[in-house]
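The values are calculated or read from the model by the stated rules, or taken from the named source; none is laboratory data. The shown structure was predicted, so the numbers you read here are calculated from the model rather than taken from an experiment. Backbone-built Cβ (ideal geometry, glycine too); neighbour counts: all protein chains shown.
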Amino acid sequence: MKQKITMLLFNNFANDARVYKEGKALADAGYHVDLICVQETGKAVLPRNELVQEGFQVTRIGSVQRMVLVLFILVALIALGLVAKMPFITALSGLALLLLAIPKVRRLLQIALLIAEMTCVARSRKPDFY
């Protein structure tokens, strides 16, 4: 049985020769390589799943859907706080929504969500090595 290796990369892997050579060499050596990378927004859309060669698979993860989900949850919490007359929940949710208007805070949240999703996908593959 092939040993599984999971590689995490914080770009879209389109022009990263270093990572390509490393993954190809590991696949040629008999390992099964899963590369989990970021699908960058605003650039050419690359396939979500791509088989580079036998034993070397690329999975791209995007962050747009997660930000929409976070915004929906915050707005829902504000509405819940207003309806249920819970000013503490309303105030905290409103503060979080205001903080998301700051670009650096929004980018930090996007990075945290990407790391969390990459970790979940990597663990679901049950690799022998990270």
Could you look through the stretch 117-130, keep only residues that are among the hydroxyl-bearing types (Ser, Thr, Tyr) and assigned to a helix (DSSP H, G or I), and pick out the one that is surrounded by the fewest Cβ atoms within 10 Å (Cβ to Cβ)? SER124
Under 9 Å between Cβ atoms, which residue pairs at least 6 apart in sequence (or on different chains) link something in the stretch 60-89 that is within 13 Å of GLU117 (Cα to Cα) with a partner that is modelled with pLDDT under 75 and not in a helix (DSSP H, G or I)? ARG60/GLU40; GLY62/GLU40; GLY62/THR41; SER63/THR41; VAL64/THR41
If you scan the stretch 101-111, which residues turn out to be part of a helix (DSSP H, G or I) and surrounded by fewer than 12 Cβ atoms within 10 Å (Cβ to Cβ)? PRO103, LYS104, ARG107
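Table: residues versus (1) farther than 21 Å from SER124 by Cα; (2) among the hydroxyl-bearing types (Ser, Thr, Tyr).
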position: LYS4; (1), (2): no, no
position: ALA27; (1), (2): no, no
position: TYR31; (1), (2): no, yes
position: GLN39; (1), (2): no, no
position: LEU46; (1), (2): yes, no
position: GLN57; (1), (2): no, no
Here are LEU77, LEU114, LEU82: which of them is surrounded by 11 or more Cβ atoms within 10 Å (Cβ to Cβ), outside the structural domain of HIS32 (by TED's automatic domain parsing) and touching a Leu at 6+ places or on another chain (Cβ under 9 Å)? LEU77
